Amino acid sequence: MNSASELLTADGRQMPHRAFDVQTIRADFPILKRLIHGKPLIYLDNAATSQKPQVVIDTLMRYYSEENANIHRGAYSLSEQATQAYEDARLKVRHFINAPSEREIIFTRSVSEAINLVVHSYGRKYIKAGDEIIISAMEHHSNIVPWQILCEEKGAILRVVPISDAGEFQLDAYEKLLTPRTKFVAVTQVSNALGSITPVRQIIDLAHQHEIPVLIDGAQAVPHFKVDVQELDCEFYGFSGHKLYGPTGIGILYGKAKLLEAMQPYQGGGDMIRSVTFEKTIYAPIPSKFEAGTPHIAGGIGLGAAIDYLEGIGMEEINAYEQELLVYAMAAVSATPGVRIFGTAKEKAGVISFSLEGVHPHDIATILDQEGIAIRTGHHCAQPVMDRFGVPAMARASLAFYNTKEEIDALVAGIHKVKEVFG
């Protein structure tokens, strides 16, 4: 972490350091003042979407009330201001994940669209019949279904790395799956269902020994710890803005410039062209080549504000606090009689998935909601994970840096109330 005099925003601007104080941070999030069924909101569904600090909300309001204009093509002041703010946000993303160039940062609607972009623009061009694509058994559906579609279309084969009973990526099994037929690897950095942190650096290094490109789904990683795509050396990295305390409808794909330049556009339309005739279209250079149509301008600018906010606190401080909170929560929840914890990996982010003997997960969530506690239940868009552990659904509490130990205590008390209801 930089000293107070050295602290910079994601795009290189100096900003004051703020000491980590969870109560001060909570005051930045207006929704945390809400009452649910007459009780203070305890929001523990951060793996689904995060809440937004006031600075992000204010940024969206300011854009729509003072700066709203379409970007890149307007030769008037308002459009130029909006364009500058949008492209400044791209620069902030570049610095946030330490990408070599802002040309390698593509705005999408979500990490799901980022993965689909790679599947269609890279996969359709380079994957052939008989080729193999490796994913893991803990992937979100967004990193399974697009590859299945591609395999069906191309006659390629999907290989799956198993996970242990603790929910850990099996590196030895992965290494055995790497063969001359392997043409792509796509894995999550953090499981949304289990919280398991995968050994992505080793995964990438092993793939690169065979000259195999790698995509990392970072949706559950970037909100919790610092990510450096140059250090990882992955070919592609995707994440979503709404899990990073930014707006919904905005996502990021980082891709190495050499690959992006060789790939075909994913969509056609305005802003991704240099010139169009009925005989031939010449595409714009990256990143514009992959950004057809009017983008989510406010979303991009809002994501930039969220990144500034996080940089002002420090990802190292956020990670340290969340890890302390996770250790407390895992001990408290697992000590509750009748609770089964899913995902006990040694390297883990702030997700606690569990079941309660004799109680359906949806009933757990319904009763907790009466206490003002918001958790997620279901298959979490990770049905193969449910199959691996032999359950139809799990209850999931997922943490953010604005959560507290007192909220964990309330969660445990709420689980005891569920037990009382179901006897």
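Values as computed for the structure displayed
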read-out	value
Some residue of segment 279-288 being more than 27 Å from TYR245 (Cβ to Cβ), touching a strand residue (DSSP E or B) at 6+ places or on another chain (Cβ under 9 Å), β-branched (Val, Ile, Thr) and free of Cβ contacts under 8 Å to residues at least 60 places away in the same chain	yes
In segment 367-392, residue farthest from the chain's Cα centre (by Cα) [restricted to those that are among the small types (Gly, Ala, Ser) and buried (at least 19 other Cβ atoms within 10 Å of the Cβ)]	GLY372
Among (1) of a type in the set (A, V, I, L, M); (2) more than 21 Å from ARG94 (Cα to Cα); (3) under 23 Å from the mean Cα position of the chain (by Cα) - the single one MET315 does not satisfy	(2)
Unique match (being hydrophobic (A, V, I, L, M, F, W, C) and within 29 Å of GLY74 (Cα to Cα)) among ILE212, ILE282	ILE282
Where GLU80 falls short, out of the listed (1) under 16 Å from GLY304 (Cα atoms); (2) surrounded by 14 or more Cβ atoms within 10 Å (Cβ to Cβ); (3) not hydrophobic (A, V, I, L, M, F, W, C)	(1)
Every residue from segment 327-370 that is in a loop (DSSP other than H, G, I, E, B) and acidic (Asp, Glu)	GLU347, GLU357
Of all residues making up segment 287-342, the number that are over 25 Å from GLY195 (Cα atoms), crowded, with 19+ Cβ neighbours inside 10 Å and among the small types (Gly, Ala, Ser)	6
Answer from SER65, SER50 - the residue that is under 17 Å from the mean Cα position of the chain (by Cα) and modelled with pLDDT of 95 or more	SER50
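Here's the yes/no breakdown for (1) at pLDDT below 95; (2) assigned to a strand (DSSP E or B); (3) more than 15 Å from PRO384 (Cα to Cα):
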residue	(1), (2), (3)
VAL118	no, no, yes
SER121	no, no, yes
ILE133	no, yes, yes
SER142	no, no, no
GLN148	no, no, no
CYS151	no, no, yes
ARG159	no, yes, no
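The values are calculated or read from the model by the stated rules, or taken from the named source; none is laboratory data. Since this is a predicted model, take the numbers as computed values, not measurements. Virtual Cβ from ideal backbone geometry, glycine too; neighbours counted across all protein chains shown.
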